[in-house]
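Since every read-out is calculated from the coordinates, none of them should be taken as a lab result. What you see is a predicted model, and the numbers here were worked out from it, not measured in a lab. Here Cβ is always computed from backbone atoms with ideal geometry, including for glycine, and neighbour counts include all displayed protein chains.
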Amino acid sequence: MATMADLDELALSLPQTTKKQTSDGRPEYYVHEKLFCCQRGRRKDAVDPKTGERLDDVLMFRVPDLDVKELLLADARDIYFTTPHFDGYAAVLVRIPTLEQIERTELEDLVAEAWLTRAQKRVAKAWLAEQV
C-alpha cells in the first residue's frame, strides 16, 4: 500500500529533484525546474462524481507518451484517470485515497517514469545505469 510519504521519499530520492510547496501546502516535484509530479489544486475539470465538488486530492504524473497514458487508463482498478484538460498531454491523474490500492513498487515505477520524462538525458542515463 503506497502513501503520500512514500511519494515524497521516492521523488526526493531521484537525482537533482527539488520539492516546492504551493501557498496552500500542495507538493510539487521538479527536476531542472521542470515539473514531473504534483498535487493539483481544485479545478473545474476534476469533480467528485457523487457530490459534484471540485477534487483537491488529485496527483498528476507525467508519463513517457500517450500510449503509456492509454495503457494506464485501461487499468481495471480505475486508479488512473484523466480530464479534458489533459487531452493530448502525456500525464495521468491519481486520487490520493487510491494510492492505498497500489504497491509501493508500482508508485516507485510511476514516479521514476515521470522523472525520466523531465530529467536531462545525461542525468537520466547515469541514473538508469545505476539501477541494473
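Before anything else, pin down the relative contact order of segment 4-130: Cα pairs under 8 Å, at least 6 apart, normalised by residue count, whole percent.
Reported as a whole number, the value is 26 percent.
Counting only helical runs of four or more DSSP H residues, what would the 222 nm mean residue ellipticity of the chain come to if each run contributes -39,500 (n - 2.57) and the total is spread over all its residues?
Numbers: 4 runs with 42 residues, N = 132.
So the calculated ellipticity at 222 nm is -9500 deg cm²/dmol.
Between residue 76 and residue 34, what FRET efficiency follows from the Cβ-Cβ distance if R0 is 30 Å, with the result rounded to 0.05? Present the calculation step by step, with values, prior to reporting the outcome.
On the way: r = 32 Å, r/R0 = 1.06.
The value I calculate is 0.40.
What ranking of 86, 61 emerges when the number of other C-beta atoms within 10 Å of each C-beta is taken as an exposure proxy, fewest first?
Details: 86 16, 61 24.
Listing 86, 61 from fewest to most nearby Cβ atoms yields 86, 61.
Between residue 24 and residue 122, what is the spin-label point distance in nm, taking each point 7 Å from the Cα along the Cα→C-beta axis?
Modelled inter-label distance: 4.0 nm.
Only helices at least 15 Å long along their own axis, judged from Cα atoms, and with Kyte-Doolittle mean hydropathy of -0.5 or greater: name those in the chain from DSSP H.
104-118
Given the C-alpha centroids of segment 62-85 and segment 8-40, what is the distance between them in whole angstrom?
Each part's Cα centre sits 20 Å from the other's.
About the Cα centre of segment 1-123, what is the dipole size in debye to 20, counting +1 per Lys and Arg Cβ and -1 per Asp and Glu Cβ, all else neutral?
Here the size comes out at about 540 debye.
Based on the Cα coordinates of the chain, what is the per residue volume of their convex hull in Å³?
116 Å³
Place +1 on the Cβ of every Lys and Arg and -1 on the Cβ of every Asp and Glu in segment 4-130, take the dipole about the Cα centre, and give the residue among 41, 71, 112 whose Cα lies farthest towards its positive end.
So the residue we want is 41.
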